[in-house]
Amino acid sequence: MPFTLPSRTPSGPRRRTLLASAAGAFALAGCSTSEPSTTETSGGGPSAADRARARAARDSRALAERYAAVITAYPSLAERLRPLRAEVVRHTAAFDSGSRASGSPSPSASASESAVAAGATPAPSATVPATEKDALKDLASAERTLADQRTKALLDVPGELARLLASVAAAGAAHAYLLTEGTK
């Protein structure tokens, strides 16, 4: 006897399969984040994330130069400030490496980064307060201001950069505390 098909054959995927697929697609879409592209769709200029990353690298580089100026002016503070400055240099490198990964390196990033990392003499624009106590207060104020700016920038950048900015802002707040500890 030949095999006969049932009278009612499904003409496509079953309803359960479709519902499960739709629910799975919805869950995946809700869980994934779409990182913005590195360039704007109109004009090909840098994205907001690239601009924020470049600004953060530039700010960290300037802060490292301020640390270097204070260390040069007050060698007695060098032991206390070198670890904090080294962290700021690492922050600069983290921001710069992210911009290189996205394909938009800053033109002077590698030269400036190596000069900052090597502990080069600070730029003449870096002014140092008249006393050690004022120099520490000035560095703490700069750290706090930069931490506040980075915290505000979190709302405008995508996930990975936001996490980096949050981490560096927290480190800056800790640096500000360490700089003012014992000087009050």
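Please treat every number below as a calculation from the coordinates, not as lab data. It should be emphasised that the depicted structure is a prediction, and the values quoted were computed from it without experimental measurement. Glycine also receives a Cβ, built like all others from the backbone with ideal geometry; neighbour counts cover every protein chain displayed.
May I ask you to order 58-67, 146-155 by the average number of other C-beta atoms within 10 Å around their residues, highest value first?
Result, highest mean first: 58-67, 146-155.
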Other residues with Cβ under 13 Å from the Cβ of T145 give, with Lys and Arg +1 and Asp and Glu -1, a net charge of +1
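Starting from 0.36 nm per residue, how many nanometres of slack lie between S76 and R55 once their C-alpha separation is accounted for?
4.4 nm
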If each K or R counts +1 and each D or E counts -1, the residues other than R55 whose Cβ falls under 13 Å of its Cβ total +2
